[in-house]
Amino acid sequence: MDFSIDNARRIADESFEIKVRNHKEKQTVEIRVVERLYRHRNWEITKSNLDYTKTDSQSIEFRSTVGPDKEEIITYTVHYTW
């Protein structure tokens, strides 16, 4: 996680890396990762390596298919203004 804030300009940027792993040896699975963007209601995703869905005013959801014994890394950056 990386975080920077500029109180004078009233902005903040936060970056995340989330690792998920499918430990099943023979079965592909769909993963669902829900993230709460709790710092402020005014936000924008500026970078993401995976498509996401905005599920409400402070939440996003990532979905992906992960093969047997594979790992998925989700990275994103959120920009807050207030």
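The values are calculated or read from the model by the stated rules, or taken from the named source; none is laboratory data. Remember, predicted model here, so these are calculated numbers, not experimental data. FYI the Cβ positions are ideal-geometry reconstructions off the backbone, even for glycines, and counts take in every protein chain you see.
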Worksheet item: Looking at region 1-12, is at least one residue under 12 Å from the mean Cα position of the chain (by Cα), in a strand (DSSP E or B), at pLDDT 95 or above and on the phi < 0 side of the Ramachandran plot?
Response: no
Worksheet entry | All positions within region 1-16 that are surrounded by fewer than 10 Cβ atoms within 10 Å (Cβ to Cβ) and touching a Ser or Thr at 6+ places or on another chain (Cβ under 6 Å) | 2
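Condition check ((1) closer than 19 Å to residue 13 by Cα; (2) exposed (fewer than 12 other Cβ atoms within 10 Å of the Cβ); (3) in contact (Cβ under 8 Å) with a residue 24 or more places away in the chain) across all residues:
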position: 31; (1), (2), (3): no, no, yes
position: 46; (1), (2), (3): yes, yes, yes
position: 59; (1), (2), (3): yes, no, yes
position: 72; (1), (2), (3): no, no, yes
position: 79; (1), (2), (3): yes, no, yes
